[in-house]
Structures are given as structure tokens and as C-alpha cells.
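To start, the structure itself, in C-alpha cells.
The values are calculated or read from the model by the stated rules, or taken from the named source; none is laboratory data. Everything quoted here is computed from the prediction, not taken from an experiment. Cβ: placed from backbone, ideal geometry, glycine included. Neighbour counts: every protein chain shown.
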Amino acid sequence: MKQTIQPVYNFNAGPSALPSSVLEKAQQELLNFRGTGMSVMELSHRSSTYEEVHNNAITRLKTLFSIPENYEVLFLQGGASLQFSMIPMNFLQKGQKAAYVNTGVWAEKAFTEAKLLGDPYEAASSKEGNHRFIPNINDLQYNQGDAYIHITSNNTIYGTQWRDFPDTGDVPLIADMSSDIMSKPIDISKFAMIYAGAQKNLGPSGVTVVIIRKDMIEKANPNVPTILKYSTHYKNNSLFNTPPTFGIYMLGEVLGWIEEKGGLQTLAKQNEEKAKLIYDAIDESNGFYVGHAEPESRSLMNITFKLADQELEKKFLEEAKQGGFVGINGYRTVGGCRASTYNAVPVEACKALSEIMIQFQKNN
């Protein structure tokens, strides 16, 4: 008996929506991948069939993101959370300081981990303003001798995003881009390192992408456990230990989908269109909906808002749930509403959300 699937609008913050065409292809290939008689999950990570998948994902990432030759792409595990520790382990040498910009929960977590391993300090913070804005790049306070400066490019919980990135000169700039990587073109050469959990814009959870300048690998602290050295994974093409093979396969297919869509310029334009639909519903509501982020710092990936009336907010969330909208509750410690409009969320879903917001306001 064929199961009837109720369509939903997936606005989950992560793991999040994946392109339907990618899911369908994975379904078709699940039991017999490229004539092997096995799933890609069953292949040896040392096999030539899997090696092709692995290297294809790296090549696609380098091409789509215009990654310069002096950078390396690594596929790691442990999410962004492990990077919070690996970065100071490898780069925060004794006697050095590192600058962190605190723009939200995940930025603060990265800073907290660094304090366990070295001497970091805050170069700027939006905490006193309840993380409603991104600090002005001209106001960052850091020293030319710092080991690095760390930023979080998009803040999923508060719905803020860096529009421009600082030019930090000789101080390596490191960015956690977990929630907006490949949502638009950027100048990779501004960064010494970019890292991102895949589960928002790149694929399923389980893979962490690291884009790192080769000279950073060369000057890293050698007295770090083997598995936690970037050099280990660089020397072994991210195959030092068993990688998350299915996640990397899916990541490669998502990158193929981005190619088919027309690349990052096309996605960037679409992401602006999607976010505008929902922000317009907020801005034109005469205070019925209240956005959290200041307009100039608004995220195109995570749109955060509340209703002026808390009882109405509960009613709105319940009606949205009944209407097939998934994942629009705000983060558990913050509350309110949040629509995560990552690359794979279609324009139609954002249009439907804006329409239900407008209709709910009319009815209430």
C-alpha cells in the first residue's frame, strides 16, 4: 500500500531542508551505487569508487566557491563545535592572544573553548544590545600581533549576518560560516580559514568543511594530538580515518545541484528574494510582528521575529504547524519565531509563509 506523504514547508534551522532532486537521486542510488551492488554507505573509503566521490566533492567546492590555489579543502567531523577547540589548539601559541567577536550564542561558545586553551579576548560584542546587530568593522579592537581574529558570519539564533568582512591585514581572519556558507559569493582570500557544519546549506549533518590557507597548516602547533592536527588531514586528503562517506556523497550532490541552479550568483539573488518576502510581511504589519535584528544587520538565512502579543504568538505557531510549516519556533532559550531560509528552501515556501503571516494578522 502506497503511503500518502503530507507536503510540508521545512524551515528547520539545522539539520535543514535538502534539495528534493538530490534526495530523489540518493534514493535511486541507495541500494546499488554505480553498479557496485552496494550502497555508497557500504563502500570502503579506500576504494576507487568512493575516492572518486570524495575528490569530486572537493573539486566542486573549489570551483563553485572560487577557492584560490593556496588553500586546501578538508572534510572533518565533530561539527563546528570541535573547531572551537581545534582552532586554538593549532593556532593560539603560548604568549599570543586571539581576538573574538561576540555576536551570539555560537560565537560565545567558540570564545569559551578558546579560554580553556589560551588567552583570547573580545574584539567587539553585541551582547549588551541583545545581539540585535553586527558590530561595525571599523570598531573592532585587535592587535597586529594576535594569533588570529575569529568571527561568526551568520547568527542563527538572533538572525544577524555580516554584510561585509574586515580586512585584517597580517592577522589571520577565521570565520565560522556554518549557517551561510555558499549562500552568496565571497572573497575567500580575505580569510585564513573558513569552517562550516554541512547541515544547513551543504548537506546532511556529520561533515564539517574546512577551507584553510596552506601556510596556516605549516605554522600550526606540532604538539597537538594527531587526529586534531589540520596537517594530519591535509596530508591524507581527509582520509586519515574513516570519513562520513554518505555525508560527503550528499554534499557533492548538493554542490552539483548548486551548479545546475547557475552557481552562487543565482543563489544569492534567490536568497535575497526569499528573505524579502518574509521581512516585508514583518515591516508592513504596523508592529503586529516585531523583527529582532536591526535592519542593516538582518540575516538572509535566519529571519527572527516575535508577535507583539504572546498569546497570539502561541496561536500563530499552532496555526502555522497545522498548515504544514515546520521549524518556525524560535530557539529554545530565546523564544519567538524563526524562519530559516537556507539555499534548499524554495521561494514558494517563503511566499506561503508570508501569506499566512499576512492572513493571520488580518484575522486577529
* Asked: Considering ALA275, ALA308, ALA293, which residue is of a type outside the set (Asp, Glu), modelled with pLDDT under 95 and touching a strand residue (DSSP E or B) at 6+ places or on another chain (Cβ under 7 Å)?
  -> ALA308
* Structure fact -> Sole miss for GLY104 among (1) of a type in the set (Gly, Ala, Ser); (2) under 15 Å from the mean Cα position of the chain (by Cα); (3) modelled with pLDDT under 95 is condition (3)
* Mind checking which residues of segment 9-22 are among the aliphatic types (A, V, I, L, M) and out of contact with any helix residue (DSSP H, G or I) (no Cβ under 9 Å at 6 or more places or on another chain)? -> ALA13
* Consider only pairs whose beta carbons are under 8 Å apart and that are at least six residues apart or on different chains; among these, list those whose first residue lies in segment 262-278 and is farther than 12 Å from LYS184 by Cβ and whose second residue is at pLDDT 95 or above and of a type in the set (Val, Ile, Thr). => GLU273/VAL347; LYS274/THR341; LYS274/VAL345; LYS274/VAL347; LEU277/VAL347; ILE278/ILE303; ILE278/THR341
* Hey, could you check segment 285-304 for residues that are surrounded by fewer than 19 Cβ atoms within 10 Å (Cβ to Cβ) and touching a residue at least 24 places away in the same chain (Cβ under 8 Å) and say which is farthest from SER153 (Cα to Cα)? => SER285
* Structure fact -> Filtering segment 46-71 down to residues that are of a type in the set (S, T, N, Q) and either closer than 20 Å to TRP257 by Cβ or assigned to a helix (DSSP H, G or I) (or both) yields SER48, THR49, ASN55, ASN56, THR59, THR63, SER66
* What do you reckon, is LEU267 among the hydrophobic types (A, V, I, L, M, F, W, C) and outside the structural domain of THR49 (by TED's automatic domain parsing)? -> yes
* Asked: Among all residue pairs at least 6 apart or on different chains, which show Cβ distances below 6 Å where the first residue, located in segment 185-208, is buried (at least 24 other Cβ atoms within 10 Å of the Cβ) and the second is assigned to a helix (DSSP H, G or I) and among the β-branched types (Val, Ile, Thr)?
  -> LEU202/VAL254; GLY203/VAL254; VAL207/ILE248
* Just wondering, is there one or more residues in segment 299-308 that are among the β-branched types (Val, Ile, Thr), assigned by TED's automatic domain parsing to the domain that holds GLN270 and over 16 Å from TYR9 (Cβ atoms)? -> yes
* Test: residue in segment 8-29 that is farther than 30 Å from LYS321 by Cα and either at pLDDT 95 or above or not in a helix (DSSP H, G or I) (or both) -> yes
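So that you can scan it fast, the table gives a plain yes or no per residue for (1) closer than 27 Å to SER21 by Cα; (2) not in a loop (DSSP other than H, G, I, E, B):
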| residue | (1), (2) |
| --- | --- |
| VAL224 | no, no |
| THR232 | no, yes |
| ASN237 | no, no |
| PHE240 | no, no |
| LEU251 | yes, yes |
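Residues checked against (1) out of contact with any strand residue (DSSP E or B) (no Cβ under 8 Å at 6 or more places or on another chain); (2) acidic (Asp, Glu); (3) surrounded by fewer than 13 Cβ atoms within 10 Å (Cβ to Cβ):
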| site | (1), (2), (3) |
| --- | --- |
| ASN10 | no, no, no |
| LEU18 | yes, no, no |
| ASN32 | yes, no, yes |
| GLY35 | yes, no, yes |
| ARG46 | yes, no, yes |
| HIS54 | no, no, no |
| SER66 | yes, no, no |
| VAL73 | no, no, no |
* Say we look at segment 157-209 and pick out the residues that are among the aliphatic types (A, V, I, L, M) and part of a strand (DSSP E or B); which of these is farthest from THR103 (Cα to Cα)? -> VAL209
* Only one of TYR249, TYR331 is at pLDDT below 95 and surrounded by 14 or more Cβ atoms within 10 Å (Cβ to Cβ); which? -> TYR331
* Being touching a Ser or Thr at 6+ places or on another chain (Cβ under 7 Å) and in a strand (DSSP E or B) narrows it down to one of LEU43, LEU74, so name that one. => LEU74
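The rows are residues; the columns are (1) more than 28 Å from VAL22 (Cα to Cα); (2) over 19 Å from the mean Cα position of the chain (by Cα); (3) in a strand (DSSP E or B).
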| site | (1), (2), (3) |
| --- | --- |
| LYS274 | no, no, no |
| ASP280 | yes, yes, no |
| ALA293 | yes, no, no |
| PHE305 | yes, yes, yes |
| LYS314 | yes, yes, no |
| LEU317 | yes, yes, no |
| GLY335 | yes, yes, no |
| ALA339 | no, no, yes |
| TYR342 | no, no, no |
* Among all residue pairs at least 6 apart or on different chains, which show Cβ distances below 8 Å where the first residue, located in segment 217-231, is at pLDDT 95 or above and the second is among the acidic types (Asp, Glu)? -> ILE217/GLU72; SER231/GLU218
* Do the conditions hold for ALA98, that is, is it buried (at least 20 other Cβ atoms within 10 Å of the Cβ), over 30 Å from LYS274 (Cα atoms), of a type in the set (Gly, Ala, Ser) and touching a residue at least 12 places away in the same chain (Cβ under 8 Å)? -> yes
